[in-house]
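The values are calculated or read from the model by the stated rules, or taken from the named source; none is laboratory data. None of these values were measured; they are calculated from a predicted model. Quick reminder, even Gly has a Cβ in these numbers, built from the backbone with ideal geometry, and neighbours come from all protein chains shown. Remember, those area values only see protein heavy atoms, side chains included, never the ligands or the DNA or RNA. Shrake-Rupley method; radii C 1.70, N 1.55, O 1.52, S 1.80 Å.
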Amino acid sequence: MCYTHIMQIGYSMNHKKLGCIIVGGADPVFSLSDTKIPYLVGKYIMVKTTTEELKFKVKKMDLSTSISGMLNIGITIYESDDFIKIKAGDEVYAVLD
């Protein structure tokens, strides 16, 4: 499998109505003028923790900008027992076919 780094996790939360959400700042290789972030809805991401690599299927993906103009990514994933294992600072990679 091939992977591309997309972000470092800023925070994650399991929201009652919205589901399992991962938010972070996009990798600096992406910018407002060059948003080649892969479209991941229906595809998979891999979260690399300090001890393991976890795969999640993406339900929804949102891009936004911070006040400083940096890109932020919000990813909603399908329910998974592994969701509780991720934390701020973990790295997120897009799983490429």
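Counting protein heavy atoms only, the chain has 54 percent of its accessible area on carbon and sulfur, 1.4 angstrom probe.
The HN-Hα couplings worked out from phi for the stretch 80-90 by the Karplus form 6.51 cos²θ - 1.76 cosθ + 1.60 (θ = phi - 60°) are 8, 5, 6, 4, 5, 7, 8, 8, 4, x, 5 Hz, whole numbers, x standing for Gly and Pro. Between Tyr78 and Thr65, residue separation times 0.36 nm minus the direct Cα-Cα distance comes to 2.3 nm. Rg to Rh ratio, the stretch 18-61, alpha-carbon atoms and Kirkwood radius? Radius of gyration relative to Kirkwood radius: 0.99. Database remark: amide H of Ala26 closer than 5 angstrom to the amide H of Leu71, Asn72, Ile73 (H placed geometrically; neighbours at sequence offset of 5 or more, or on other chains; Pro and chain starts carry no H).
Whole-Hz Karplus values for the stretch 40-54 come out as 10, 4, x, 10, 10, 10, 10, 9, 9, 8, 6, 10, 7, 10, 10 Hz, taken residue by residue from phi with 6.51 cos²θ - 1.76 cosθ + 1.60 and θ = phi - 60°; glycine and proline positions read x. Using only alpha carbons, the stretch 23-97 has a radius of gyration to Kirkwood radius ratio (Rg to Rh) of 0.96. With a 1.4 Å probe rolled over the protein heavy atoms of all chains, the accessible area of Thr76, Thr51 falls in the order Thr51, Thr76, largest first.
The residues Val41, Val92, sorted by heavy-atom accessible surface at 1.4 Å with ligands and nucleic acids left out, run Val41, Val92 from largest to smallest. Among the protein heavy atoms, those of Leu96 account for about 60 Å² of accessible surface (1.4 Å probe, every chain in place).
Karplus-based coupling profile of the stretch 22-27, in residue order and whole Hz: 10, 10, x, x, 5, 3, with θ = phi - 60° in 6.51 cos²θ - 1.76 cosθ + 1.60 and x standing for Gly or Pro. Magnitude of the charge dipole for the chain, about its Cα centre and with charges confined to Cβ atoms of Lys, Arg (+1) and Asp, Glu (-1), is about 320 debye. Per residue, the accessible area of the chain comes to 62 Å² when a 1.4 Å probe rolls over the protein heavy atoms.
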